[in-house]
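The values are calculated or read from the model by the stated rules, or taken from the named source; none is laboratory data. The shown structure was predicted, so the numbers you read here are calculated from the model rather than taken from an experiment. Here the Cβ positions follow ideal geometry from the backbone for every residue, glycine too, while neighbour counts run over all protein chains shown.
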Amino acid sequence: MIPPEDDSAMDGYAVIADDTFGASVNNPVRLKIKGEIQSGGSIIGKKVLRGTAIRIMTGAQIPEGADAVVKFEDTEEEEDYVRIYQQIAKYKNYRFQGESIKKGDIALYKGERLSSAGVGILASLNRKTVKVYKQPTVSIISTGDEIADLGEEIRAGQVRNTNAYTVYSEVKKYGSLPIYLGVAKDTMQDMKEIFTRALTSDVVISTGGVSMGRYDFVKDVFRDLDIGLQIEWIKVKPGKPFVFGRKENKLIFGLPGNPVSTLTSFIQFVRPALLRLMGAKKITKPIVNAVLEEDLSKKPRVKNLVRGYFTVKDNEFHVSTTGNQGSSVIRSMNDANCLIVIPEGVTEVKAGEKVAIQLILHDEI
């Protein structure tokens, strides 16, 4: 049980509460001090009787006879006596045995992400180890001849590889084990080779090569490697080009190549899948209503996830965009702390109206 015995919540004096009746600054109660109990000290032979008090430290076991603790700030010592300047209620500053965790209580629940407080609970129960779900291994692939990796000389028409490192960071953030396999060139042979290696992992995440271009081979690779293609498009912007498949117990995600599309797709689809693989019960990012501070318009056929920044004014959420919403503008995602959700079918929202926002930097609920 936590705590294992009744103990003191304050540094002060263990007393009988009734002995402090009527105590005030102008009319203090005077009690005889009968010793001291330090944290971790023994209470053997120590007992509070009527008209007495025992000096006690925070966390020390409550001695026999005492039913309250008066904190030092409400007292004054004089030789072997203490003056009590405040009447105190029974069990004030008194922590009961098992108050935090009683025998038979569930200390931590299956599927709960182990927090710092959770680690503290385990330590309080003298548990050096605990059974946890296996961390999934996640292979990460960038695709496209236009991608120059870090350290490589960049040629005309190429862009620097941001997606692999963005995804790598997100995979680590959510407790999985990322394995970066490099950039697959725009040939079926290279794509199949790197995807074959990736399928030794529990999860595969590729970026790019999932649209309708002549060299977008990812869906062809799915078919050639007998990966069951279950999703080919999603009605969300950014991130419409998106594929998902399974091969036995492995999950394979083909994310779009634009950096913002990659990250928003990861947040919406890959993140909850990784959490589920690790047994998590909480996988949903919080969604709240906020007052929109600028006009927004869009096409009606898809749901829009607009990068936004929320603040709280007068106990109410307010949100504005982070600027240029182009799918390649990763800076706008870095500046965002939420995504403004504009539903399918809605073409415009005016400043002052309420919108739903997804709090992407907050823990799952």
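Taking the condition in the same structural domain as residue 22 (by TED's automatic domain parsing), assigned to a loop (DSSP other than H, G, I, E, B) and modelled with pLDDT of 95 or more, does residue 54 pass? Judged against the criteria, residue 54 is not a match.
Is there a residue being surrounded by fewer than 16 Cβ atoms within 10 Å (Cβ to Cβ), in a strand (DSSP E or B) and touching a Ser or Thr at 6+ places or on another chain (Cβ under 8 Å) anywhere in segment 75-85? Give the derivation first.
First, the residues of segment 75-85 that are surrounded by fewer than 16 Cβ atoms within 10 Å (Cβ to Cβ): 76-81, 83.
Those left that are additionally in a strand (DSSP E or B): 76-78, 81, 83.
This time we only want the ones that are touching a Ser or Thr at 6+ places or on another chain (Cβ under 8 Å), so: 83.
Checked against the condition, which is being surrounded by fewer than 16 Cβ atoms within 10 Å (Cβ to Cβ), in a strand (DSSP E or B) and touching a Ser or Thr at 6+ places or on another chain (Cβ under 8 Å), segment 75-85 yields at least one hit.
The helices (runs of 4 or more DSSP H) falling completely within segment 143-256 that include 1 or more residues that are closer than 29 Å to residue 325 by Cα and under 25 Å from the mean Cα position of the chain (by Cα) map to 163-173.
Considering segment 119-130, the residues that are within 20 Å of the chain's Cα centre (by Cα) and free of Cβ contacts under 8 Å to residues at least 12 places away in the same chain include one that is farthest from residue 250 (Cα to Cα), namely 120. Determine if segment 153-170 includes at least one residue that is buried (at least 16 other Cβ atoms within 10 Å of the Cβ), out of contact with any helix residue (DSSP H, G or I) (no Cβ under 7 Å at 6 or more places or on another chain) and aliphatic (A, V, I, L, M). Among the residues of segment 153-170, at least one is buried (at least 16 other Cβ atoms within 10 Å of the Cβ), out of contact with any helix residue (DSSP H, G or I) (no Cβ under 7 Å at 6 or more places or on another chain) and aliphatic (A, V, I, L, M), which makes the answer yes.
Quickly run through segment 86-99 and pick out the residues that are surrounded by 14 or more Cβ atoms within 10 Å (Cβ to Cβ) and not β-branched (Val, Ile, Thr).
Taking segment 86-99 first, the residues surrounded by 14 or more Cβ atoms within 10 Å (Cβ to Cβ) are 86-88, 91-99.
If the condition is that a residue be surrounded by 14 or more Cβ atoms within 10 Å (Cβ to Cβ) and not β-branched (Val, Ile, Thr), then 86, 87, 91, 92, 93, 94, 95, 96, 97, 98, 99 are the ones that fit.
Applying a threshold of 7 Å to beta carbon distances and a minimum spacing of six or more residues, or different chains, the list of pairs starting in segment 90-102 at a residue that is without any contact (Cβ under 8 Å) to a residue 60 or more places away in the chain and more than 18 Å from residue 2 (Cβ to Cβ) and ending at one that is outside any loop (DSSP other than H, G, I, E, B) and hydroxyl-bearing (Ser, Thr, Tyr) is empty.
Reported count of residues in segment 1-50, each being touching a Gly at 6+ places or on another chain (Cβ under 8 Å), assigned to a strand (DSSP E or B) and β-branched (Val, Ile, Thr), is 2. Looking at residue 328, is it within 29 Å of residue 142 (Cβ to Cβ), surrounded by fewer than 18 Cβ atoms within 10 Å (Cβ to Cβ) and polar (S, T, N, Q)? Yes; evaluated as a whole, the condition is true for this residue.
Here is the figure for segment 266-301: residues that are over 19 Å from the mean Cα position of the chain (by Cα) and crowded, with 19+ Cβ neighbours inside 10 Å total 3. Taken together, the criteria exclude residue 302 from residues that are more than 26 Å from residue 138 (Cα to Cα), at pLDDT 95 or above and β-branched (Val, Ile, Thr). The selection criterion, being in a loop (DSSP other than H, G, I, E, B) and either loosely packed, with under 14 Cβ neighbours inside 10 Å or hydrophobic (A, V, I, L, M, F, W, C) (or both), holds for residue 128.
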